[in-house]
Amino acid sequence: MFKYLCDEAGIKCICIKGIHNLNGIGHLWNLVQLENKNYFVDCTNGLLKFENGAVFINYDVFNTNREQLEKSYTIDEEYEIPRIGVGEQYAKS
């Protein structure tokens, strides 16, 4: 669904698959190109976090870089990730 929405909005987007490092379960992300940089997006992983009595949404893997993503996941080797630029964590101001 996210790829379809990106395609409709004219945002370059590809699907990437891999596994979770802790349990080996397969997973799927998207790689989007925003302002000539690549960012990983995991729409299914924005779970709520509970910390010190506060509730907030986990944006750790939403519009993030490969280094951040690979703290929890391993990308299948079949994917050659385009090297057009590496973003940190994207937030349009």
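General remarks:
- Out of Glu51, Glu8, sole residue that is open to solvent by 50 Å² or more (accessible area, probe 1.4 Å), at pLDDT below 85 and among the acidic types (Asp, Glu): Glu51
- Within segment 1-44, the set of residues being in contact (Cβ under 8 Å) with a residue 12 or more places away in the chain, farther than 16 Å from Thr64 by Cα and of a type in the set (S, T, N, Q) comprises just one member, Asn21.
- Any hit, segment 25-42, residues being open to solvent by 70 Å² or more (accessible area, probe 1.4 Å) and within 12 Å of Ile75 (Cβ to Cβ): yes
The values are calculated or read from the model by the stated rules, or taken from the named source; none is laboratory data. Every value quoted in this text rests on a predicted model; they were computed, and no experiment measured them. Ideal geometry is used to build each Cβ from the backbone, glycine not excepted, and the neighbour counts take in all protein chains shown. For accessibility, only protein heavy atoms count, side chains too; no ligands or nucleic acids. Shrake-Rupley method; radii C 1.70, N 1.55, O 1.52, S 1.80 Å.
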